[in-house]
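Visitor: Structure incoming, see below.
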Number of protein chains: 2
Amino acid sequence: MEITVAECCERLREMDDIVILCHRNPDGDTLGSGFALHYILKQLGKRSRVECHDGFPKQYSYMFRDYAPEEFEPKAVVAVDIADEQLFGDGLEKYCGRVDLCIDHHGSNKHYAKDWIVRETAAATAEVMEDICYGFEEVTLTKEIADCIYTGVSTDTGCFRYSNTTGHSHAVAGRMFKAGCDFAMINRVMFELKSLSRIAIEKEVLNTVEYHFNKRCALVYITSDMMERTGALDSELEGVAAMPREIEGVEVGITLRQRDNGFKISLRTGDEVDASVLCGRLGGGGHRCAAGCFVPGDLETAKAAILEAVKEAFNDGEDDQ
Amino acid sequence: MEITVAECCERLREMDDIVILCHRNPDGDTLGSGFALHYILKQLGKRSRVECHDGFPKQYSYMFRDYAPEEFEPKAVVAVDIADEQLFGDGLEKYCGRVDLCIDHHGSNKHYAKDWIVRETAAATAEVMEDICYGFEEVTLTKEIADCIYTGVSTDTGCFRYSNTTGHSHAVAGRMFKAGCDFAMINRVMFELKSLSRIAIEKEVLNTVEYHFNKRCALVYITSDMMERTGALDSELEGVAAMPREIEGVEVGITLRQRDNGFKISLRTGDEVDASVLCGRLGGGGHRCAAGCFVPGDLETAKAAILEAVKEAFNDGEDDQ
């Protein structure tokens, strides 16, 4: 059932030997919320252990530098930032149906836990974790907790850029500053540092940029060859794939990504063009400003198909390329 | 003389027909603070006009969409975010020695005005402008003022990433959200949108990346040819030039920029290497983590000179390239 922060703190007080679950393909919010909760429970004298199907990526190591997971048979299970048990990943399937408490901010949360707090208005689960920290009189919001909460909020809001950011997100960040969080280091690691493979794929993708329809449309592509050659991971493509729509004057940004026997096409559009209608014509769908579809065949086939669809949307004649 | 916010508000109350000066090569803080002040004065029933030697770049147009500069003979002059009269630019030289009030946050402020507020602890002059707004009981912090103040704070802090960001910066941003600022649009314009020439120079620069000393050193260069070919402006190079030091594992990032008869070299280093010592050997200087020098001659000469200096710093043998 749905519970309040105060009730959540009561439940946590009654628990011990707690496993804290993070979702697979972990991000800054699930790990930040998970480790913040671990440090809170530690101050309460309780044993807890953070678990994640994919382990803990090393860029987040500042959050678990002094963390040594303890072995124990769990008596309680808490899931953080996990909307659905399917996001546990195979390694944590054993906890399905066994979650006592879920702390989350996804509106799509499946309410699979015995008790839950799901604050949809929060930009990050870490914002809820701050309130839980304050819910225990004897717990101090230490620098290590502040680093975790700041990480959750800043990563889930794209460093306060995304439209999910709220005044409350900024207020939380301001309090984490007061608690001494190392925001400059965290921001450098999260938003500046790029891997060698990321730099390599960025270079390759920039070399594919082409403009159409009087530069109102920009297109890039990523082939399997490019991924292999650079050693880039899919997780490193996020910012790269968004690039076409970040070019001034571009109304339609197209990114083609090679998959088995075809190309996955992502479309990002401004106010003028409905991306979901365009992708719909090619059997895909999505939202007004962001949609996708799949076109079987080679690069030229996929390009031709999507450019034909875009041409109709602009409905004022020929491509200039 | 140095005055408080309350005194500043008194001074402004006594003024009318006010010219508000922004610094040359205007940025988000000088323009945001300037227009915020203009809208505050308008609510007080006063005439004011914002002036800048270089005009108002169009990416900031959301701040002056409904602004129509009025013609009048100025009776008072207020400078915002300008540390030194030399930053007025030729077009505004006539105001030298005539500034009644200066509102700023630069520790280097020359105190050239009759009265001044210089809050060195503020990440942006716009943070001071917020207090000035609250200093007038009858002034409402409208959406248009909030857009201006948010712009100043977010641009001067690199969207809350730079080390000058404070908890107060976040608190200010949170209040601008409550006042309805259009942060998503502003962040898109300030931090996402790139010009065609910026994309073109980015591509060219990425194609120059080379690694040395077991990838602990990365080097890029920008020739006059590249600038001409892409039509990029120096102001568009900022993020591009910083790229080498954003590569994971890179201790020394080198950017070479062609100038008349030689190359200007910028060095960015991590904790291990003192950039100012290295650049000092080539007749330059700077700080521990950021320094520069100039090497006359062609690209190969400049590269060889700086790589030789870096080699000594690593003092463990040969370059691997």
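Visitor: Among all stretches of chain B without exposed GluC sites (Glu not before Pro) (DSSP loop, at most 16 other Cβ atoms within 10 Å), which one is longest?
Guide: It works out to B:139-247.
Visitor: If eta is 0.890 mPa s and T is 25 °C, what Stokes-Einstein diffusion coefficient results for region B:262-302, Kirkwood Rh from Cα pairs, in µm²/s?
Guide: This corresponds to a translational diffusion coefficient of 244 µm²/s.
Visitor: Here is a follow-up. In µm²/s, what is D for region B:1-55 at 25 °C and 0.890 mPa s, where D = kT/(6 pi eta Rh) by Stokes-Einstein and Rh is the Kirkwood radius from Cα pairs?
Guide: 206 µm²/s
Visitor: Convex hull over the Cα atoms of region A:53-110, averaged projected area in nm²?
Guide: So the mean shadow area of the Cα hull is 5.0 nm².
Visitor: While we're looking at this one, here's another question. Find the Cα radius of gyration of the protein assembly as shown, compare it with 2.2 N^0.38 Å by division, and give the number to two decimals.
Guide: That works out to 1.05 for the protein assembly as shown.
Visitor: What per residue convex hull volume, in Å³, comes out for region B:203-277 when only alpha-carbon positions are used?
Guide: Residue-normalised Cα hull volume stands at 102 Å³.
Visitor: Determine, at each q value in 0.10 (inverse angstroms), the log₁₀ of I(q)/I(0) that the Debye formula gives when each Cα of region A:1-146 is one equal point scatterer.
Guide: With one equal scatterer per Cα and no solvent, log10 I(q)/I(0) is -0.28.
Visitor: Separate question: Of A:GLY97, A:THR157, A:PHE183, which is farthest towards the positive pole of region A:97-193's charge dipole, taken about the Cα centre with +1 and -1 on the beta-carbons of Lys, Arg and Asp, Glu respectively?
Guide: Toward the positive end, the furthest listed residue is A:THR157.
Visitor: For chain A, state the semi-axes of the equivalent ellipsoid (square roots of 5 times the eigenvalues of the alpha-carbon gyration tensor), sorted largest first and rounded to whole angstrom.
Guide: Computed over chain A, the values are 42, 20, 19 Å.
Visitor: Continuing with the same structure: Using a Gaussian network model of chain B whose springs link C-alpha atoms within less than 10 Å, name the residue from B:GLY152, B:GLY249, B:GLY32 with the highest mean-square fluctuation.
Guide: Maximum among the listed residues: B:GLY249.
Visitor: State in Å² the accessible area per residue of the protein assembly as shown; use a 1.4 Å probe, count heavy atoms of protein chains only, and round to the nearest integer.
Guide: Here the residues of the protein assembly as shown average 43 Å² of exposed surface.
Visitor: Taking a point 7 angstrom from the Cα of B:LYS42 along the C-beta vector, which residues in region B:173-193 have backbone N less than 16 Å away?
Guide: Only B:181-182 fall inside the zone, counting backbone N under 16 Å.
Visitor: Over the protein assembly as shown, what percent of the accessible surface lies on carbon and sulfur atoms, probe 1.4 Å?
Guide: Summing carbon and sulfur atoms, their accessible area is 47 percent of the total for the protein assembly as shown.
Visitor: For region A:116-170, max minus min Cα coordinate along each principal axis, in Å, sorted largest first?
Guide: The Cα atoms of region A:116-170 stretch 35, 25, 17 Å along the principal axes, largest first.
Visitor: Using the Cα centre of chain B as the reference point, and only Cβ charges (+1 on K/R, -1 on D/E), how large is the resulting charge dipole? Debye, rounded to the nearest 20.
Guide: 400 debye
Visitor: Nearest 10 degrees is fine. How inclined is helix B:5-14 to the longest principal axis of chain B, computing both from alpha carbons?
Guide: For B:5-14 against chain B, the angle is about 60 degrees.
Visitor: Shifting gears a bit: Across every pair of different alpha-carbon atoms, what Kirkwood hydrodynamic radius in Å does region A:22-92 reach?
Guide: 12.6 Å
Visitor: Further question on the same structure: Write down Rg/Rh for region B:84-137, rounded to two decimals, with Rg from the C-alpha atoms and Rh from the Kirkwood relation over Cα pairs.
Guide: When Rh is taken as the Kirkwood radius, the ratio is 1.01.
Visitor: Picking from A:ARG259, A:ARG24, A:ARG98, which is most flexible by a Gaussian network model of chain A using Cα springs under 10 Å?
Guide: Answer for the Gaussian network model of chain A: A:ARG259.
Visitor: Over all directions, average the projected area of the Cα convex hull of region B:70-192 and note it in nm².
Guide: Average of the hull's projected areas for region B:70-192 equals 9.0 nm².
Visitor: Just counting partner chain Cβ atoms within 10 Å, what average do the residues of peptide B:97-108 show around their Cβ?
Guide: Neighbouring Cβ atoms belonging to other protein chains average 0 per residue here.
Visitor: Shifting gears a bit: Dipole size in debye (nearest 20) for the protein assembly as shown around its Cα centre, Lys and Arg Cβ +1, Asp and Glu Cβ -1?
Guide: Here the protein assembly as shown has a charge dipole of around 60 debye.
Visitor: If you don't mind, there's one more thing I want to ask. Region B:53-80 to region B:173-203: how many Å between their Cα centroids?
Guide: Between the Cα centres of region B:53-80 and region B:173-203 lies a distance of 21 Å.
Visitor: Classify region B:177-236 as rounded, prolate or oblate, taking a ≥ b ≥ c as the square roots of the eigenvalues of its Cα gyration tensor: rounded when a/c is under 1.5, otherwise prolate if a/b is larger than b/c and oblate if not.
Guide: The shape class here is oblate.
Visitor: Do any trypsin sites (Lys or Arg not before Pro) in region A:51-89 lie in a DSSP loop with no more than 15 other beta carbon atoms within 10 Å, and if so, which?
Guide: Passing both the DSSP loop test and the Cβ count: A:ARG65, A:LYS75.
Visitor: For region A:130-170, with only Lys/Arg (+1) and Asp/Glu (-1) charged at the beta-carbon, what is the dipole magnitude about the Cα centre, in debye rounded to 20?
Guide: Here region A:130-170 has a charge dipole of around 300 debye.
Visitor: Specify the angular offset, from 0 to 90 degrees and rounded to the nearest 10, of the alpha carbon long axis of helix B:28-43 from the longest principal axis of the alpha carbons in chain B.
Guide: Roughly 10 degrees between the two axes.
Visitor: Starting at 0 and stepping by 10 Å, how many percent of the alpha carbon pairs of region A:222-321 end up in each bin?
Guide: Per 10 Å bin, starting at 0, the Cα pair percentages come out as 15, 48, 32, 5, 0.
Visitor: Further, regarding this structure: Which of rounded, prolate, oblate describes region A:131-285, given a ≥ b ≥ c as roots of the alpha-carbon gyration tensor eigenvalues and a/c under 1.5 marking rounded, otherwise prolate only if a/b is larger than b/c?
Guide: Note, shape of region A:131-285 comes out prolate.
Visitor: Based on the alpha-carbon gyration tensor of region A:129-221 and its eigenvalue square roots a ≥ b ≥ c, which shape applies: rounded if a/c is under 1.5, prolate if not and a/b is larger than b/c, or oblate?
Guide: Prolate.
Visitor: With springs only between Cα atoms under 10 Å, which of B:HIS38, B:HIS168, B:HIS106 fluctuates most in a Gaussian network model of chain B?
Guide: Of B:HIS38, B:HIS168, B:HIS106, the most mobile in the Gaussian network model is B:HIS168.
The values are calculated or read from the model by the stated rules, or taken from the named source; none is laboratory data. If you're wondering where the values come from, they're calculated on a predicted model, not measured in any experiment. Note that each Cβ is placed from the backbone with ideal geometry, even for glycine, and that neighbours are counted across all protein chains shown. Ligands, DNA and RNA are stripped out before the accessible areas are found, and what is left, the full protein with its side chains, is counted by its heavy atoms. Shrake-Rupley method; radii C 1.70, N 1.55, O 1.52, S 1.80 Å.
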